[in-house]
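The values are calculated or read from the model by the stated rules, or taken from the named source; none is laboratory data. Model, not experiment: these values are computed from the prediction. Glycine also receives a Cβ, built like all others from the backbone with ideal geometry; neighbour counts cover every protein chain displayed.
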Amino acid sequence: METFQRALEPYKHFDPAGWVALFRFLPLWAGLLMAALGIGMLLRGGGALFRVVAGPLGLVIGQIWIGPLAARLGFGSQQQQIALGASALLCVLGFAMPASTVFFGFGIPIGLMAANLAGPSDWLLGFVPAFIVGGALGVVLERPISVLLASLSGAWLTLIGLMAALSPVIGGLVERLAGLWPAAVSVASCFAVAGFGYQMFVMPPPEKAAQLKREKVLAKRAATEKKAMEKRWANYTKDSGKE
């Protein structure tokens, strides 16, 4: 757990080079698994798969933001314990209610930005309403937000996973890419844009997909019933002809 927290430490503040360096903490098998998960999120992460995505995202949200938030609210001595407990809770909530991940994932950063603009004296006054409004807005726009979160997360997981998997093979090239973090971020951005466009404009939304599935089942059932009726009619006609 300490290694995991150390790997995620750069994600608590603006440190793109540290974000990219996450691949150094991963063995080859973990990189392959992460890349496969990332590709799945790019292709279907905003639909039915978002429930699977929302759980780990809740865990990451808890690790990155809840600790500093607890410290800012005066619970610095229990920051680590609060972060661990909140991470577990957000992970469970993400699996059970994917919209909760959108709420916290959208609301917390907006709340923190508003709190920083409000200043130290009005920090809480700036955070709370912005957090609520931002989270509610995220839930209202759950479809595009879930696709965006899935695409961004999937793009980054794909990049970091590929870098970890390819590091033993072409370590020099991977390290060069890690040293040029703008190039790494640009590659991930291209993945994210492609995934977002595919899910929003090519894949049908979950409601439409469910409707198409129901129509397919009904059409198959109707065809089966028609075939059975034709068979019964043919047998009836055959028997009548014998008489």
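Here 28, 57, 49, 42 are screened, and the one residue that is more than 24 Å from residue 79 (Cα to Cα), surrounded by 16 or more Cβ atoms within 10 Å (Cβ to Cβ) and modelled with pLDDT of 80 or more is 42.
For segment 111-129, indicate whether the set of residues that are within 18 Å of residue 19 (Cβ to Cβ) and assigned by TED's automatic domain parsing to the domain that holds residue 22 is non-empty. Checking segment 111-129: at least one residue is within 18 Å of residue 19 (Cβ to Cβ) and assigned by TED's automatic domain parsing to the domain that holds residue 22.
Assess whether residue 8 counts as being touching a residue at least 60 places away in the same chain (Cβ under 8 Å) and part of a helix (DSSP H, G or I). So residue 8 fails the test. For segment 149-183, filtering for residues that are in a helix (DSSP H, G or I) and more than 30 Å from residue 99 (Cα to Cα) leaves 16.
In segment 78-96, the residues that are part of a helix (DSSP H, G or I) reach residues that are among the charged types (D, E, K, R) with C-beta atoms within less than 8 angstrom, at least six apart or across chains, in these pairs: 94/51; 95/51. Residue count for segment 136-161 satisfying the condition of being among the hydrophobic types (A, V, I, L, M, F, W, C), more than 14 Å from the chain's Cα centre (by Cα) and surrounded by 21 or more Cβ atoms within 10 Å (Cβ to Cβ): 2.
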